[in-house]
Amino acid sequence: MTYAEFLKHKAITVADCGFEADVPDFLYPFQAHIVKWALRKGRAAIFADCGLGKTPMQLAWADAVSRKTGKPVLIFAPLAVAEQTQREGDKFSIPVNVCETEVDILPGVNVTNYQKLHHFSLEGLGGLVLDESSILKNEGGKYRQQLTDFVKDIPYRLCCTATPAPNDNTEITNHSEFLGVANRKEVLGMFFRQDGNNAQKFRLKGHAIRDFWRWLASWAVAVRSPTDLGYEDDGFTLPPLNITQHTADGHMTDGFLFPIVANTMQERQQARRESVDSRVAMCANLANNSTEPWVIWCGLNSESAALKAAIPDSVEVKGSDSNAHKINALAGFSSGKYRVMVTKPSIAGFGLNWQHCHNMAFVGLSDSFEQLYQAQRRCWRFGQEHEVDCHLVVAETEGAVIENIRRKEHEASEMMRQLVEHMGECFVKHKDESRYNGVVEMAMPDWMG
């Protein structure tokens, strides 16, 4: 190995493996910039906040890749989002074919649901897109390894999600592995060190922080608004989000004068089960005294069934329902056929655009900030024309959950700020250049003259 080859092998940034291409006029300037960059990279991740146009960006990327390779491109999306993507394609004059199995794939842009992954071999594709690629977050998830294995022979790859966790090395390394940038062992070795005595917990090495962000920015871009990339906001401003907590009576513990706040996971689950009736009644009263659309999020099957019974003009989507019912019900709510949607964040909390609705309620909360954030963002997203009212209906014994969510919200906001700040430096710096050339002419200092 020559010294030049050694240096290339040790490079922090990731080389381009894509191509230059024109992009459609329907994209906003910041979107066009991102798509051109992603096409030039060939394998890239777009971490763009909800409502910033991940769908038109991934459609433009997929269409360009299909034209370049002469092969079909497949988009994997959450349940019911495939049909939504097809409608978006019609809006932007990019034909999108919804597939059930690989025999349905046509030339051009195709889309299917993650639940149908086992019907595809992914052979003969020019490119693959993961819509809501946070599905890669789970190290032991059933889709992650399948997708990573299947994609090895596909030259062009794109990941799109709104909520990467900058301190979650599992999520970052899984994206890196899927895109063929570096595997988990390599990433941990370069940038992380074991945190204490926990063999599963890692933190960034102090001297590697800047290099980590440079490396991440060489294959991913994070954006909360167009201004993060140096562009005008173009009307991408969010309306206020009004959060109101409603506290239902908690269960009295024998021997105590007042309800005891649950602290452990087991205590919180017990408190949630014991307060179903009071929380459901409180939420149903909110929805039944309104004529506007509502999304009601729950976590327990008992909550979902009770809410459906208590709200006459609601439709329920639960895990045991057929995919056909889920798709029809979710699409029916999107079109206004149903006024009230009752479901779980794990079912409908990702990818769907429900700007027609500005009322939502959470009947109890889990400890997952990501689920809360994504569920809120179905309605509170760019394009929403009204203030969004979010009601948290919890038992007084669930206080620990509220505190945990608030802590995670603060941490996530700070981490996203750092992610955008560090990655934006690399991205904005070269936004007016078609391709960055890092060669700097060497000059002798004056004192050596």
Restricting to the range 400-440, and then to whatever is part of a helix (DSSP H, G or I) and either modelled with pLDDT under 60 or in contact with a strand residue (DSSP E or B) (Cβ under 6 Å, 6 or more places away or on another chain) (or both), can you tell me which residue is surrounded by the fewest Cβ atoms within 10 Å (Cβ to Cβ)?
Lys429
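Yes or no, residue by residue, for (1) assigned to a loop (DSSP other than H, G, I, E, B); (2) surrounded by 15 or more Cβ atoms within 10 Å (Cβ to Cβ):
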| position | (1), (2) |
| --- | --- |
| Arg272 | no, yes |
| Ala281 | no, no |
| Thr291 | yes, no |
| Val295 | no, yes |
| Gly299 | yes, yes |
| Ser302 | no, no |
| Lys308 | no, yes |
| Asp321 | yes, yes |
| Leu330 | no, yes |
In the range 338-355, what residues are farther than 17 Å from Ser134 by Cβ, touching a Phe, Trp or Tyr at 6+ places or on another chain (Cβ under 9 Å) and not polar (S, T, N, Q)?
Arg339, Val340, Met341, Val342, Trp354
From the list His356, His386, which residue is assigned to a loop (DSSP other than H, G, I, E, B), assigned by TED's automatic domain parsing to the domain that holds Gly299 and within 14 Å of Gly51 (Cα to Cα)?
His356
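Where in the range 22-124 are the helices (runs of 4 or more DSSP H), entirely inside, with at least 2 residues that are among the hydroxyl-bearing types (Ser, Thr, Tyr) and out of contact with any His (no Cβ under 8 Å at 6 or more places or on another chain)? Steps first, answer last, please.
Values: elements: 29-41, 54-69, 81-91.
Filter on the range 22-124 gives 54-69.
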Residue pairs, Cβ under 7 Å, 6 or more apart or interchain, first in the range 28-42 and assigned by TED's automatic domain parsing to the domain that holds Val14, second polar (S, T, N, Q) and surrounded by fewer than 24 Cβ atoms within 10 Å (Cβ to Cβ). List them.
none
For the subset of the range 310-319 comprising residues that are outside any helix (DSSP H, G or I) and of a type in the set (A, V, I, L, M), which member is surrounded by the most Cβ atoms within 10 Å (Cβ to Cβ)?
Val317
Considering only the range 290-306, state which residues are under 18 Å from Ser366 (Cα atoms) and either in contact (Cβ under 8 Å) with a residue 60 or more places away in the chain or touching a Leu at 6+ places or on another chain (Cβ under 7 Å) (or both).
Val295, Ile296, Trp297, Cys298, Gly299, Leu300, Glu303
Of the conditions (1) over 23 Å from Met415 (Cβ atoms); (2) surrounded by fewer than 23 Cβ atoms within 10 Å (Cβ to Cβ); (3) at pLDDT 85 or above, Glu132 fails just one. Which one is it?
(1)
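The values are calculated or read from the model by the stated rules, or taken from the named source; none is laboratory data. Since this is a predicted model, take the numbers as computed values, not measurements. Don't worry about glycine lacking a Cβ; one is built from the backbone with ideal geometry, like all the others, and counts go over all protein chains shown.
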